Amino acid sequence: MDMYFSKDHEWVKISGTTATVGISEHAAHELGDITFVELPAVGKVVKQFETVAAIESVKAASDIYSPLSGRVTSINETLENAPEVVNESAEESGWICTLEIADPAEVAKLMSKADYDEYLKTL
Amino acid sequence: MKLIYEQSVPGRHGVRLPASDVPSATSLPAELCRSEAAGLPEMSELDVVRHFTRLSRRNFSVDTNFYPLGSCTMKYNSKGLENAAGLMADVHPMLPLLPGGEPLTQGCLAMLHDLGSSLAEITGMDEVTTQPLAGAHGEMTGMLLIAAYHREKGNKKKYVIVPDSSHGTNPASAAMVGYEIITIPTAPYGDMDMDAFKAALSDETAAIMMTCPNTLGLFNPHVKEICDLAHTKDALVYYDGANLNAIMGKVRPGDVGFDVIHVNLHKTFGTPHGSGGPGSGPVGVKKSLIPYLPSPRILKKDDGSFTIDRENGRSIGRTANFFGNFGVMAKAYAYILQQGREGLIRVSEQAVLNANYIMSRLKEYYDLPYDQLCMHECVFSASRQLQHDVHAIDIAKYLIDQGYHPPTVYFPLIVKEAIMIEPTETESKATLDAFIEVMIEAARLAETNPELLKNAPVTMPISRLDETKAAREQKVCCIG
C-alpha cells in the first residue's frame with residue numbers, strides 16, 4: 001500500500017480508489033497528549049489541503065488538512081472516546097477517516113516516507 | 001478546604017427573622033409555591049465571610065503578584081477607576097431606552113459617546129461602536145461590517161487572508177462570518193511572507209486580518225504596503241488591536257490604511273479581565289463603513305445634548321444588549337482621562353522598554369527564535385532546556401512556586417516550546433529584575449536538577465494537575 005505525507009504532517013495510504021488519512025507520528029509527538037478529535041461527517045467533500053478534521057491536545061488545537069481531494073467514506077469512531085489512540089499509533093490504528101479519491105494525480109504534491117523524513121530534518 | 005455546601009449546618013442562619021405578625025398570604029397559586037426548602041447552604045454571616053475571604057486568598061491576581069501573561073496585557077487596574085465606575089453604577093440599563101429616559105441619562109450617553117470619540121482619535125478611525133462585549137466579539141462585528149460593505153457594493157468576495165502570526169481568533173471570526181481562510185506563513189524576520197501574501201491576494205479577497213504587533217511581539221514594517229495592495233483589490237484591512245498597548249500614541253492604524261479595528265478595553269485601557277470577568281471590544285471604522293455600524297448609535301446633537309439613533313436601515317443590527325458592558329467602558333473612559341495624551345504615550349513606551357529589558361537580559365539563557373527589538377512582549381523558546389527533557393510547561397510550573405504567574409506557553413504555535421512574556425508598563429525595574437533572576441535560576445535548574453522543575457509546583461494547595469486526564473475524563477457536577 002502506497003503511503004504519502006504532506007508538509008502539514010498528514011499521511012495518506014492509498015488502496016485502489018480509497019485513501020486512509022491520519023497525522024504523522026512526528027505530529028502526534030509534537031502535539032503532546034491528544035484530548036479530542038473532531039471527526040468529519042461521512043459524505044463531506046473536501047479539496048486537497050483544505051480542513052477535513054480538527055485535533056485538540058493539551059498544548060494546542062489544530063486543523064487537519066486533507067492530503068487529497070475526495071469524499072469522506074468512513075471515520076474512525078474509536079477516536080471519539082479514545083483520542084489517545086492517535087498518540088499510541090498515529091500511523092496505524094489512529095487513522096482519522098477514509099476518502100474516495102477524486103483525483104489520483106494530486107499525489108504528485110505529496111512526499112514519500114523517505115522524503116518526509118528528510119523534510120523533518122530541515123524543521 | 002471544604003466546599004461551602006460541606007460547611008452547611010442544619011438550622012444555622014445568617015439572620016434571625018422575627019415571627020410574622022401579619023396573616024399569611026393565601027392568594028399565591030399552589031403551583032408557584034415551593035414544596036420543599038431550597039438546597040442552600042445553612043451558615044452564619046461570619047462563616048460565609050470567612051469562607052470567601054479564604055477563597056480569595058487562594059486566588060492569583062495582579063493585585064498580589066507579577067502576572068506577565070503574553071498576549072493578554074495583564075496590567076495593574078487602578079482602584080481609582082473602580083471608584084469612577086461606581087459613580088455610574090446605579091443607572092438602570094433600560095432607562096435611556098424608555099420614553100423620556102434620554103434627558104435623565106445624558107451623563108451616561110455622553111460618556112459612551114466621548115469614549116467612542118477618544119478611541120477614534122487614538123486609533124485614527126472615523127467612528128467607533130462600543131457595543132461588542134469582548135475582543136473576538138469585536139472581530140466578528142468587524143467582519144460583519146466588511147461583509148455588509150462587499151454585499152452592498154455587489155463585490156464577489158470569498159477569502160480572508162490571515163498571517164499565521166495572528167491571534168487564533170482571527171481566522172475563527174472570519175470563518176464565522178462565512179469566509180474561507182488563507183493562511184500566510186511567517187518570513188525569517190518574523191513578519192508576514194510578502195511573496196506568499198501577494199500570491200494569495202486576488203479580486204476574491206474580502207479582507208486581510210492582521211494582529212499588529214503580531215503574536216511574536218514584532219511590528220510588521222510592511223503594513224502600509226499591505227494596506228495599499230489590499231485596497232487595489234477592494235479588500236479591506238482589519239487591525240486586531242489586542243496588542244495596541246505597544247503602539248498607542250505612536251502609530252494610528254487608521255493613518256496607515258487600516259479600515260477596521262477592534263480594541264480590547266480590558267487589556268490596553270486598564271480594566272480588569274480574566275476569570276470570566278466582562279470584557280469590551282469596541283470597533284472603529286473608516287467612513288466607508290459607518291452606515292453598517294451596529295444600532296442603536298448615540299449621536300451628539302447641535303445643542304450639545306445626546307440622543308439615541310434607532311435608525312436601522314443599512315446597519316448590521318444590534319450586537320449586544322443595551323450598549324455593551326457599560327461598567328468596563330466607564331473604567332476605560334476614566335483611564336483615558338486619567339492618563340491623558342502624554343500618559344498614554346508613556347504607557348506604550350514603558351511597556352515596550354520593559355519587554356526589551358527582559359528580552360535582552362534573558363536571551364543568554366533561553367533561545368530567542370526572532371532576535372530583534374521587540375514591542376510589548378517577547379517570545380522565547382525552551383528548546384535549549386528540552387535537551388534536558390525540560391519543557392516550557394515545567395518552567396511555567398516552577399514560576400508558580402516562586403510567586404509568579406506563568407507567562408503564556410505553547411503560543412504562538414509557530415514557535416516550538418514557546419514562552420511568551422508580556423511585563424506591561426505597570427511593573428517596576430525591581431520586579432522585573434526579581435523575575436529575571438528566577439527565570440535564570442530555572443534555566444540553571446534545567447541543567448543541574450531537572451526533576452525539581454518537573455515536580456513543580458510544590459507550594460500550592462494542590463500539586464501539578466494531570467491536564468490530559470482532566471481534558472479526557474471530564475467530571476463536572478453540582479453539589480446541593
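The values are calculated or read from the model by the stated rules, or taken from the named source; none is laboratory data. Given the structure is predicted, the values throughout are model-derived calculations rather than measurements. As a convention, Cβ positions derive from the backbone with ideal geometry for all residues, glycine included, and neighbour counts pool all protein chains shown. Keep in mind that these areas ignore ligands, DNA and RNA; they rest on the heavy atoms of the full protein, side chains included. Shrake-Rupley method; radii C 1.70, N 1.55, O 1.52, S 1.80 Å.
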Would you list which lysines come within 22 Å of B:K331, measuring only between C-alpha atoms, while excluding same-chain residues fewer than 8 positions from it? B:K75, B:K79, B:K267, B:K300
State the answer as a single residue: which of B:A199, B:N77, B:L46 lies farthest towards the positive end of the charge dipole of the protein assembly as shown, with beta carbon charges of +1 for Lys and Arg and -1 for Asp and Glu, about the Cα centre. B:L46
Cβ charges +1 (Lys, Arg) and -1 (Asp, Glu), total dipole of chain A, debye: 360
Using Cα-only point scatterers and the Debye equation, what is log10 of I(q)/I(0) for the stretch B:246-378 at each q in 0.09, 0.14, 0.16, 0.22 Å⁻¹, rounded to two decimals? -0.39, -0.86, -1.05, -1.40
Find the all-direction average of the projected area of the Cα convex hull for the stretch A:2-121, expressing the result in square nanometres with one decimal place. 6.5
How many nm separate the modelled label positions at B:H222 and B:L98, each set 7 Å beyond the Cα in the direction of the Cβ? 5.7
Selection from B:A446, B:V22, B:L344 lying farthest towards where the dipole of the protein assembly as shown points positive, charges on Cβ: B:V22
Tell me which residues come under 5 Å, amide H to amide H, from A:I64 once H is placed; ignore anything under 5 positions away on its chain. A:V52, A:A53, A:A54, A:I55
Give the percent of DSSP beta bridges with both residues in the protein assembly as shown that are antiparallel, rounded to the nearest 5. 75
Tell me the mean residue ellipticity at 222 nm calculated for chain B from its helices only (DSSP H runs of n ≥ 4, each -39500 (n - 2.57), averaged over every residue, nearest 500). -11000 deg cm²/dmol
For the stretch B:423-447 and the stretch B:159-178, compute the distance between their C-alpha centroids and round to whole Å. 34
Compactness ratio of the stretch B:245-287: Cα Rg over 2.2 N^0.38 Å, N = residue count? 1.32
For B:I4 and A:S93, extending 7 Å from Cα along the Cα-Cβ vector and measuring point to point gives, in nm, a value of 4.6
Computed P(r) (all Cα pairs; the stretch B:147-189; 10 Å bins; percent): 27, 45, 22, 5
Shielding by partners - mean other protein chain Cβ count within 10 Å, residues of B:464-473: 4
The stretch B:322-480: relative contact order as a whole-number percent, Cα under 8 Å and 6+ apart: 22
Taking all pairs of different Cα atoms in chain B, averaging 1/r and flipping that mean, what Kirkwood radius in angstroms comes out? 25.0
Heavy-atom accessible area of B:V22, protein chains in place, probe 1.4 angstrom, given in Å² to nearest 10, is 90
Could you tally up the Lys pairs in the stretch A:2-121 with alpha carbons closer than 14 Å? Skip any pair fewer than 8 positions apart unless they're on separate chains. 6
Just checking the output field for A:58-71: average partner chain Cβ neighbours within 10 Å of each residue's Cβ? 2
At the level of C-alpha centres, the distance separating the stretch A:37-110 and the stretch B:356-402, in angstrom, is 34
Please work out the C-alpha center-to-center distance from the stretch B:292-345 to the stretch B:228-281 and express it in whole Å. 16
Could you compute how fast the protein assembly as shown diffuses translationally, taking Rh as the Kirkwood radius over C-alpha pairs and applying Stokes-Einstein at 10 °C with viscosity 1.306 mPa s? Give it in µm² per second. 58
Restricting to Cα pairs below 8 Å that are 6+ residues apart, what does the relative contact order work out to for the stretch A:2-121? Please round to a whole percent. 31
Quote the charge dipole size of the stretch B:245-360 about the Cα centre in Debye, to the nearest 20; the model charges only the Cβ of Lys and Arg (+1) and of Asp and Glu (-1). 120
Can you compute the charge dipole magnitude of chain B about its Cα centre, using +1 on each Lys and Arg Cβ and -1 on each Asp and Glu Cβ, nothing else charged? Give it in debye, rounded to the nearest 20. 600
Can you give the mean number of other chain Cβ atoms that lie within 10 Å of the Cβ atoms in peptide A:34-40? 2
Counting pairs of alpha carbon atoms under 8 Å apart in space and at least six apart in sequence, what relative contact order in percent does chain B give? 18
Dipole of the protein assembly as shown [Lys/Arg +1, Asp/Glu -1 at C-beta], most positive-end residue of B:P412, A:S6, B:I146: B:I146
Sequence of B:C72, B:C227, B:C33 when ordered by accessible area, the most exposed leading, probe 1.4 angstrom: B:C33, B:C72, B:C227
Heavy-atom accessible area of B:M125, protein chains in place, probe 1.4 angstrom, given in Å² to nearest 10, is 10
How far apart, in nanometres, would the label points at A:K113 and B:L55 be if each is projected 7 angstrom from Cα along the Cα-to-Cβ direction? 5.6
